[in-house]
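Just below is one structure, and these are the notes that go with it.
Please treat every number below as a calculation from the coordinates, not as lab data. Keep in mind it's a predicted model, so treat the numbers as computed, not measured. Note that we place each Cβ from the backbone using ideal geometry, even for glycine, and neighbour counts take in every protein chain shown.
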Amino acid sequence: MSKKIGRGNSQTQATRRWAWLFLGPVVAAFTIGFVWPFIQGICLSFCKFRITSDATFVGISNYQAALADPSFQHSFWYTAATAVVSLVLINVFAFAVAYALTQGIRGSNLYRTVFFMPNLIGGIVLGYIWSMIFDGILSHYDTSILLETKYGFWGLIILMCWQQIGYMMIIYIAGLQAVPEDMIEAAKIDGATKWQTLFRVIIPNVMPSITICTFLSLTNGFKLFDQNLALTGGLPYLIQPDGSTINTTEMLALNIYNTFYNSSTAARGTAQAKAVIFFVLVAGLGLAQLAYTRKREVQQ
Amino acid sequence: MDKQQTLAAERRNKAILSVVLAAICILWVLPVVAVVINSFKLNTFVKTDTFALPTSESWAGMANFVKGMTFGNYPFKSSVLYSVVITVLSTGLILVFCSMAAWYIARVDSLFCKAIYFLCVFSMVVPFQMVMFTLSKTADVLKLNTPWTIPIVYLGFGAGLAIFMFVGFVKSIPLEIEEAAAIDGCGPVRTFFSVVLPMLKPTLISVGILEIMWVWNDYLLPVLVLDINKYRTIPIHIQYLKGSYGTVDLGATMALILLSIIPVIIFYLACQKHIIKGVAAGAVKG
Amino acid sequence: MAEVSLRHIKKVYPNSERTSKKGLFGRKKADDGARKASSLRITDEGVLAVPDFNLDIADREFVVFVGPSGCGKSTTLRMVAGLEEITDGELYIDGQLMNDVAPKDRDIAMVFQSYALYPHMTVRDNLAFPLKLRKMDKQAIDARVNEAAETLGITEFLDRKPKALSGGQRQRVAIGRAIVREPKVLLMDEPLSNLDAKLRNQMRAEIIKLRQRINSTFIYVTHDQTEAMTLGDRIVIMKDGEVQQVGTPQEVFEHPSNLFVAGFIGVPQMNFFDAELVRDRDAYSVRVGDAVVVPSAEKQARLAAHDVTSQPITLGIRPEHISLASGDAATLVGTVDVSEMMGSSVHVHLDSLGQDVIVIVPTTEIEGPYQDHFFAGAKVEYTFAGNVIHMFSKDEQGTNLEF
């Protein structure tokens, strides 16, 4: 009776002996590529530093500096505006296209292929392509996308729509195809019009897809970097009364990047503090999504 | 009578819808068409006559492509090479090691596994800016700043999504198959490689596609980690061309962009079905 | 030669593991849900799935573990297979202690309920896989695979993937994969449960044929008593982790050791009555309702041997041992609730002594004097002989008083 209690499945026991092989590489790389930089990043946000080895603790002053930075504030509101406007446009169009493509129109597959295509192109290249197009148009009016904030804003929105509508469309199509055909037929027999069927039967049944896409486009909008950098790079800039500048089309990620690498190295602590704030923001959105979908799953 | 009318109306609606969709479709390919057109134009005409077809006056022919090869103080050939090396190695590493780790995590019930899994899910919501400075320093110290070693950084930063997706799939595989393998004579390592890995094929494809799309197009991570004077991937190369805006030859740039899009589009058309499936799977999970 | 001995085998699932099963990382164990539902003992160590299992299985014997789901039969089988760790006790195969031997080194094979075929391999590769792992040379593998395929009639499917097979065909492949290795012990975990009724009967017959042909010892787990009765040389009836009775099909049918076994073996179920056992010196009689039944001499002797006293008992009589009677020959009376026509016989459900009593009447009797007996509401008189009654104590175990 003195033998130790078995841990159930003895296959597991045999597998455990190989933990080093199965987990080793990922744990090592994950530590290098994520865990350690993350911890160090949190620590450095409370420090003054130029390089990682000369850090001195300064408390929360980095955070105070970050929050007081007008360019950071501006980039936050600019990012929020971009994210919300793109969210609405992308989802409305993506859903409309997905709905149209599930009506059994000839050539649906071809359309789907074309709409999704921009997703494969990287953000930098996208930015380059669209800056050429916008400048091609605006040059006829003797202006450029780099000269006016509103051009930069709507330019970026158009670019995001072009890139992401196809992506969201795929998710919506999957959602729409999962709605049982007989449910729609039942609605028809019950006398619902096409619009009633859409709003009363179909949309409630694709709510999970709508939730996913909403959060996805929101976080995409907040994390946007490559496209922002390549399209306008933050230009045009405004000179503040105190002599500092605000890049008017600069989003959060680019603002953090510029604070790290394109201003004095003394600002790196501030930049890291901004990065932590940014992380909290984006992670908050992610957790909200998780909590929301969990709740729905429980309800279903 | 009534029924005929509704059917006719439905047909008409469908026809209108088709026309609208076709129009949007054309709009959708226009930017790419613009790239193609302008890659054959002389520099000065790109900006002024962006949407005009090349004329005898603006036609540059293949000269843009020839010029593009050595353009921007960096050989385009090398960019392509490095992009391919980094993408292939990173995706390979991620697929092999993350599927192994995911199987272990899904099958062994320990606190350590739970912790790793939690960290993986957590890492999926952490934006790159949070770790970019410290990660690039760490990578420098560990000499992970070459195209041959940067895949380790990708494995580390990309492990989250891959492990999350693999764990989800492994849990749907009945345990009995692995038990049968154990009775048939497999140890854990063999069980994984001869029995589990082949069953993971659909997820391997999905994850592989997501990783390829990410790594191939990624700009910020390589630009911060790699030694830019020596190693530039395609996105870095193109962004650095733009750095010298105004003096840059737009025609030649478009030629380069065209060259960098073509393989992507071929890849897309070749594995379209898998890509769309993979993206949908990744989105629903993430 | 492969005797299997299980000595004081015990299985405890530690508490931590059970609680974690609910979490994100829970693994699905065989009949886990059922195990939760059943009345297993929870001790300080954890959940006691099998407290003390003892059995000696002879070479080439066909033993069936049978019981309701969650009774520990699968757990015991999996301990023999080496898939489940043995908490305590000793397992010998061929006289060798196997507790800490890996499944692959026990020289056993197993057929799973879900077939557990390798989906990415063809049928041929599925069959060859265990042989390849044993580094057999290619020709020998081919010969064995072809032989097994022929035995099971799956030769024509050898190059297909499992996905392209029907349930019955997959089952054959699963059995094939187990027999190609010519294992010492062949373990089968509810192999027929996923098949439809017709196929199940067919496969059952094939397993009987199969076992004549191969030299393995069989341990077969099922919840289906018909399978147990038709296949087993010996049947082990389990409940809540404990062995209720071990015996040949005939023994457990004719002499069930307790109320549970009596109720579990036999379809339709045995009828039970509240009754009174009366001892008058060495003469026993049973009073049920207004009637008195005298046990056969053999039963009288057994009761006397155990010095059984007068007491209230549960009286059991199998439906097939009840016959219709009339007049003085009748023992008890009931009213017909419903009659089920089964073809060769009619199952008549009676309301008698305030409970449901089933009587099996051969169809040939329908035309006879009892033809009025099968309509709902009809009064029916019936009787049974003293040699077919079973007497169980009224305590929790419901032990057969003859034991």
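Taking a ≥ b ≥ c as the square roots of the Cα gyration tensor eigenvalues, the stretch B:1-157 comes out oblate, since a/c reaches at least 1.5 and a/b does not exceed b/c.
Just checking the listed ones, A:93, A:38, A:116: in the Gaussian network model of chain A with Cα springs under 10 Å, the one fluctuating most is A:38. In the stretch C:98-234, Rg over Rh equals 0.95, where Rg is the alpha-carbon radius of gyration and Rh the Kirkwood radius from pairwise Cα distances. Each 20 Å bin from zero holds the following percent of Cα-Cα pairs in chain C: 24, 47, 26, 3.
With charges only on Cβ, +1 for K and R and -1 for D and E, what is the dipole size of chain C about its Cα centre, in debye, rounded to 20? Intermediate values should be presented prior to the final figure.
Working: 47 positive and 57 negative charges, 453 e Å.
In total the dipole reaches around 2180 debye.
Taking the 0 to 90 degree range and rounding to the nearest ten, how far is the long axis of helix C:197-213 tilted relative to the main principal axis of chain C, both from C-alpha atoms? On a 0 to 90 degree scale, this one is about 70. Long hydrophobic helices in chain B: the complete DSSP H runs spanning 18 Å or more by Cα along their own axis with mean Kyte-Doolittle hydropathy of at least -0.5 are B:2-38, B:76-107, B:111-124, B:128-141, B:150-170, B:201-217, B:250-270, B:272-285.
What is the calculated FRET efficiency for residue C:69 to residue C:403, with r their C-beta to C-beta distance and R₀ = 25 Å, to the nearest 0.05? If you can, show how the numbers build up before the last one.
Values: r = 27 Å, r/R0 = 1.06.
FRET efficiency, residue C:69 to residue C:403: 0.40.
About its Cα centre, the dipole of the protein assembly as shown is roughly 4140 debye, where the only charges are +1 on Lys and Arg Cβ and -1 on Asp and Glu Cβ.
Here the peptides A:11-20, C:101-110 are ranked by packing, the mean other Cβ count within 10 Å, and the order with the highest first is C:101-110, A:11-20. Remark on residue C:358: its backbone amide H falls under 5 Å from those of C:350, a criterion applied only to residues 5 or more positions apart or on other chains, H modelled at 1.01 Å from N.
Normalised by the number of residues in chain B, the mean separation of alpha-carbon contacts (under 8 Å, six or more apart) gives a relative contact order of 30 percent.
How large is the charge dipole for chain A, taken about the Cα centre, if only the Cβ atoms of Lys, Arg (+1) and Asp, Glu (-1) carry charge, to the nearest 20 debye? Each step should come with its number before you reach the end.
Working: 19 positive and 13 negative charges, 303 e Å.
For this selection, approximately 1460 debye.
In terms of other Cβ atoms within 10 Å, A:176, B:81, A:159 run from fewest to most in the order B:81, A:176, A:159.
Residues C:211, C:318, ranked from the fewest to the most other C-beta atoms within 10 Å, line up as C:211, C:318.
Counted residue by residue at 0.36 nm each, then reduced by the alpha carbon distance between them, the extension gain from residue C:250 to residue C:306 reaches 17.9 nm.
With the convex hull drawn over the C-alpha atoms of chain A, the volume per residue is 250 Å³. Residues within the reach of a label modelled at residue B:29 (point 7 angstrom out along Cα to beta-carbon, backbone nitrogen below 18 Å), restricted to the stretch A:93-122, are A:106-121.
3J(HN,Hα) couplings calculated from phi for the stretch A:83-89 with the Karplus curve 6.51 cos²θ - 1.76 cosθ + 1.60 (θ = phi - 60°) are, in sequence order, 5, 5, 4, 5, 4, 5, 4 Hz; Gly and Pro show x. Taking the longest Cα principal axis of chain C as reference, the axis of helix C:123-133 is set at about 70 degrees. With Cα atoms defining each centre, the stretch A:52-117 and the stretch C:329-391 are spaced 78 Å apart in the structure.
The gain in end-to-end length when the residue C:280 to residue C:105 segment is fully stretched comes to 56.9 nm, 0.36 nm per residue minus the alpha carbon separation. Taking +1 at the Cβ of each Lys and Arg and -1 at the Cβ of each Asp and Glu, which of A:108, A:152, C:260 sits farthest along the dipole of the protein assembly as shown towards its positive end, judged by Cα position relative to the Cα centre? Farthest towards the positive end: A:152.
Classify the protein assembly as shown from the C-alpha gyration tensor, please: rounded if a/c falls under 1.5, else prolate or oblate depending on whether a/b exceeds b/c.
Note, shape of the protein assembly as shown comes out prolate.
Fewest neighbouring Cβ atoms within 10 Å first, the residues A:90, B:94, C:93 line up as C:93, A:90, B:94. With both labels modelled 7 Å from their Cα along Cα-to-Cβ, the residue A:193 to residue C:385 distance reads 8.3 nm.
Given in Å, the Rg to one decimal and the Dmax to the nearest whole number for the Cα atoms of the stretch A:87-153 are 16.0, 46.
Could you tell me whether the stretch C:323-383 comes out rounded, prolate or oblate from its Cα gyration tensor? Rule is a ≥ b ≥ c as square roots of the eigenvalues, rounded for a/c under 1.5, then prolate if a/b exceeds b/c, otherwise oblate. Since a/c reaches 1.5 but b/c is at least a/b, the shape of the stretch C:323-383 is classed as oblate. Legend: Rg and Dmax of the stretch B:74-248, from Cα coordinates, 18.8, 70 Å.
When you restrict to C-alpha pairs under 8 Å that are six or more residues apart and normalise by the size of chain C, the relative contact order lands at 15 percent. For the stretch A:172-199, the residues whose backbone nitrogen is under 12 Å from a point 7 Å from the Cα of residue A:102, taken along Cα to Cβ, are A:172-184, A:198-199. Placing a label point 7 Å from the Cα of residue A:244 along the Cα-to-Cβ direction, the residues of the stretch A:48-91 whose backbone N falls under 18 Å of that point are A:48-49, A:60-79.
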